[in-house]
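Some notes on the structure that comes next.
The values are calculated or read from the model by the stated rules, or taken from the named source; none is laboratory data. Please read all numbers here as calculations on a predicted model, not as lab measurements. Neighbour counts are summed over all protein chains in view; Cβ atoms, including those assigned to glycine, are modelled from backbone coordinates with ideal geometry. What goes into the accessible areas is simple: the full protein's heavy atoms, side chains included, and nothing from ligands, DNA or RNA. Shrake-Rupley method; radii C 1.70, N 1.55, O 1.52, S 1.80 Å.
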Amino acid sequence: MIRPHALRAGDRVALVAPASSFKRDEFDRGVAELRSLGFEPAYDESVFDTLGYLAGRPDVRASALQRAWQDSSIRAIMAVRGGYGSAQLLPLLDGRAIRQARKVFVGYSDISALLWLHLKHGVISFHGPMLEGRLARGPDGYDRRSFLGAVMEPSPLGELAPAGLEAVWPGEASGVLAGGTLTQLVSLLGTRWSFSPPHGSVLFIEDIGERPYRIDRMLTQLAQAGVLGSAAALVFGVFPHCDEPGGQLCAKDVIRAATQHLKVPVLFGFPSGHTPGRIWTLPLGVRARVLAGSSPALVVVGNAISRGNPELEAVLDLKVRYVSLPEALRDHFLWTSRSLVIAGTHGKTTTTAMAGWLLAHGGVDPTVFIGGIARNFGADGSSYRIGAAGAPFVIEGDEYDSAYFDKTAKFLKYVPDVALINNIEFDHADIYPDLDAVRLAFRRLVNLVPGRGLTLIGADSPDAAALAATARSRVQTFGLGEGHTWRATHLQSDAASTTFRLWQDGTDEGMLTVPLVGAHNVRNAMAAVAIGVECGISLSTLREGLAQFTGVKRRLEVVGTARGITVYDDFAHHPTAVAQTLAGLRAAHPSRRIWAVFEPRSASSCRRVFQDDFARAFTGADEVIVASVFRSTLPDSERLSEDRLVADLAQASVSARHIPTVNAIVAALSAEAREGDLIVIMSNGGFGGIHQKLLRVLWSA
């Protein structure tokens, strides 16, 4: 295999447009970035040609490439953009010029056809950044180290282990690295330039914006063409925007299924080509060795994983050491931290996010682990925050089971120094047979708090309040009633926040504002403030931090507004959570019409155990739409009855109906919702992507 001449500072780089046209401003920024790397861009005016979606006529584009290969002053060729059109040039190009030129050639996406042409003629090329969207973004658009290391160093790149790379199937293998963008490689099959890498190659495959079924179709085509079966290993890209809406099926699921029978190492998540982050450069045609998690020291088994999962079965067959996630958190973090466990049937995610934020705002620098996406952490929100070593660890204490092999509550592993119990009600009917079993789990949690620790109890909940008598630690209570350590009075709501007066042991601490609606969020805020005070933060600092709390995704989250209609996403799936959410929204918007669109999806909400409670909970809405029960395999005697729920609501003078499908629900809302209405989508799952479907229809109407 011929390796191109390594580039040096000052070398001329020809800029070509073999496929689609591009934006001139991005071209100019890319040229500036190329110059900042010490190279001299070279191009002629034909690069700016346009012909519909193409960068000019095929013959003109092909001639530009041929000239770049033949021009002795040019040391490298870089594509400006991919898109479409590279394959049109294949019959017009003289491949012999590639071998004679020995020039660095860089691109990806539609340029994969030309990268493969280099490999067919025995020349190494580079799956790496182009000008538009990559060099135009400066260092944020591409990984400089891998790019410059690939094109300027004659020696091998060494180990490439970007963050996020994970083993789908374990093993070790080596071979010639070949590949590119999946759609382009598949489109070459059956042509004179059919993608047919050498037997025993390491295949790199990536793409963007392809639905899982289309990825499945293309991988099947590669398999039936003999390409996948001849590979020694496979490395897949990040595949952004390829998952089904709502997370029901993702690209990685399809890749795992399509490659299981191959019995070769498979990696997923290498950020070359289409990736939301920096693009790494891969030299195609070199020998590469793949190490795919062949000997994990420890496997963490999530509680959604059960027997029959292929990865779990491999762990058991190989007798690899495994633990549950709660065990891993305890053993690797909590033994050496002050563990602040926030539990309760309702409100624990919001309270954990709020307490974590208040401690961070107060300079405590905590580590935080949440069962949701907290908007205060990171640019796009995060479910965790890594703090200083030895600092407090704020963790959401879930009463759900730990793993398929450990049916005890997660929070029993969290060695609490402080345990906060917001409230206790029956939930998780698939785990707990009755309320007494739930009570027992929380009693066991309280019994783990050391004498020097603190138990914080939401005393407005009778079953939570009863725990005070069993605690062996200090106890504080919070709520809206009298006699609590922490009490809130004078609640006032507006469209997006609630103001209340805070009392500590009977002392007026002044007014606080939480940027959330509903009395339940006032209780959450009091609990978080109590945690902050326990960690030594002043009330003035906590008051300031509370006002800056930006909430948790899927907790009455505004996902969009169209035609004056506001659409919310809410995780509520328990009757109490439904009632509290609707009551908070009503207090904030007393004159607006409220629609509640409910998908019974969780293990409890699908069951008849909450039949009457849901009928009471939804009386806070003006219009109710009930979708079909998600777990349709439940026996009729156990399954929630949609028709009975609608009938009970009608008897309570609430307009309600059962509409089975997402598309029918969207059609009804689009036809009947009017300006000023508030639509709350309630589900603990993806609900078939209803949120964006509804907004698209509303926007287009």
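Please report, in debye to the nearest 20, how large the charge dipole of region 501-578 is about its Cα centre when each Lys and Arg carries +1 at its beta carbon and each Asp and Glu carries -1 there.
The dipole magnitude comes to about 340 debye.
Would you mind checking the tilt of helix 575-588 against the longest principal axis of the Cα atoms of the chain, expressed as 0 to 90 degrees and rounded to 10?
That works out to roughly 90 degrees.
About the Cα centre of the chain, how large is the charge dipole given +1 on each Lys and Arg Cβ and -1 on each Asp and Glu Cβ? Please answer in debye to the nearest 20.
1780
Can you give me the C-alpha center-to-center distance between region 64-141 and region 619-661, rounded to a whole angstrom?
Each part's Cα centre sits 59 Å from the other's.
Set the Förster distance to 30 Å, then compute FRET efficiency between Ala664 and Arg592 from the Cβ-Cβ distance, nearest 0.05.
0.80
Taking the alpha-carbon distance from Lys252 and a cut-off under 18 Å, which lysines remain once sequence neighbours fewer than 8 residues away in the same chain are dropped?
Lys263
Given labels modelled 7 Å from the Cα in the Cβ direction, how far is it in nm from Ala650 to Thr489?
Rounded to a tenth, the inter-label distance reads 4.7 nm.
Can you return the lysines within cross-link range of Lys553? Criterion is Cα-Cα under 20 Å, with same-chain partners fewer than 8 residues away left out.
Lys348, Lys693
Just want to confirm a number: the relative contact order over region 64-217, from Cα pairs under 8 angstrom separated by 6+ residues, in percent.
Reported relative contact order: 20 percent.
Relative contact order of the chain, please, whole-number percent, based on alpha carbon pairs below 8 angstrom and at least 6 residues apart.
Relative contact order here is 8 percent.
Go through Ile279, Cys250, Leu267 and say which Cα lies farthest out towards the positive end of the charge dipole of region 245-307; charges sit on Cβ, +1 for Lys and Arg, -1 for Asp and Glu.
So the residue furthest toward the plus end is Leu267.
Less than 19 Å from a label point 7 Å out along the Cα-to-Cβ axis of Gln248: which backbone N atoms in region 646-685 qualify, by residue?
Only 659-669, 681-685 pass the distance filter.
Report the paramagnetic label zone for Val320: residues of region 263-297 whose backbone N is under 20 Å from a point 7 Å from Cα along the Cα-to-Cβ axis.
Output list for this probe position: 263-270, 289-297.
Expressed as a whole percentage, what fraction of the accessible surface of region 24-76 belongs to carbon and sulfur atoms when a 1.4 Å probe is rolled over the protein heavy atoms?
49
For the pair Lys263 and Ala469, what calculated FRET efficiency results from E = 1/(1 + (r/R0)^6), where r is the Cβ-Cβ distance and R0 = 51 Å, to the nearest 0.05?
Using R0 = 51 Å, I get an efficiency of 0.30.
With runs of 4+ DSSP H residues as the only contributors, calculate the mean residue ellipticity of the chain at 222 nm using -39,500 (n - 2.57) per run, divided by the residue total and rounded to the nearest 500.
Result for the chain, helices only: -8500 deg cm²/dmol.
Tally the DSSP beta bridges in the chain and give the antiparallel ones as a percent, rounded to 5.
Rounded to the nearest five, the antiparallel share is 35 percent.
Sequence neighbours fewer than 8 away in the same chain don't count; with that in mind, list the lysines whose C-alpha is under 22 Å from Lys120.
Hits, sequence-local ones excluded: Lys103.
Once label points are set 7 Å from the Cα along Cα→Cβ at both Leu51 and Gln692, what is their separation, rounded to one decimal in nm?
The modelled label-to-label distance comes out at 3.5 nm.
For Tyr414, Tyr384, what's the largest-to-smallest order of accessible area, 1.4 Å probe?
Highest to lowest solvent-accessible surface, that is Tyr384, Tyr414.
Using a probe of 1.4 angstrom, how much of the accessible area of region 354-477 is carbon and sulfur, in percent?
The C+S portion of the solvent-accessible surface of region 354-477 is 51 percent.
At a 1.4 Å probe radius, carbon and sulfur cover how many percent of the accessible area of region 482-569?
Exposed carbon and sulfur together represent 47 percent of the surface.
Please give the net charge around Arg217, taking every other residue with its beta carbon less than 13 angstrom from that of Arg217, where Lys and Arg add +1 and Asp and Glu add -1.
With Lys, Arg at +1 and Asp, Glu at -1, the neighbours total -1.
Take every Cα-Cα distance within the chain, group them into 20 Å bins from 0 onward, and report for each bin the whole-number percent of pairs it holds.
Using 20 Å bins, I get a P(r) of 16, 39, 33, 12, 0 for the chain.
I'd like to check one number: the per residue accessible area of the chain, probe 1.4 Å, reported in Å² as a whole number.
Result: 40 Å² of accessible area for each residue.
Distance between Cα centroids, region 262-335 to region 356-408: provide it in whole Å.
23
Estimate the FRET efficiency between Thr619 and Glu544 by the formula 1/(1 + (r/R0)^6), using the beta-carbon distance for r and 41 Å for R0, to the nearest 0.05.
For Thr619 and Glu544, the calculated efficiency is 0.60.
Is the shape of region 577-701 best called rounded, prolate or oblate, per the rule: a/c under 1.5 gives rounded, else a/b larger than b/c gives prolate, else oblate, with a ≥ b ≥ c the square roots of the Cα gyration tensor eigenvalues?
Since a/c reaches 1.5 but b/c is at least a/b, the shape of region 577-701 is classed as oblate.
Label Glu172 and Glu672 with points 7 Å out from Cα along Cα→Cβ: what is the distance between them in nm?
6.4
Can you tell me the 0 to 90 degree angle between the C-alpha axis of helix 642-651 and the longest principal axis of the chain, rounded to 10?
50
In nm, what is the difference between 0.36 nm times the number of residues separating Ile305 and Asp643 and their Cα-Cα distance?
Stretched out fully, the Ile305 to Asp643 stretch lengthens by 118.4 nm.
In whole angstrom, and with the biggest value first, how far do the Cα coordinates of region 75-154 range along each principal axis?
36, 31, 16
Can you tell me, using C-alpha contacts under 8 Å and at least 6 residues apart, the relative contact order of region 318-473 as a whole percent?
24
Fully extended, how many nm does the chain gain between Asp140 and Thr513 (0.36 nm per residue separation, minus their Cα-Cα distance)?
130.5 nm
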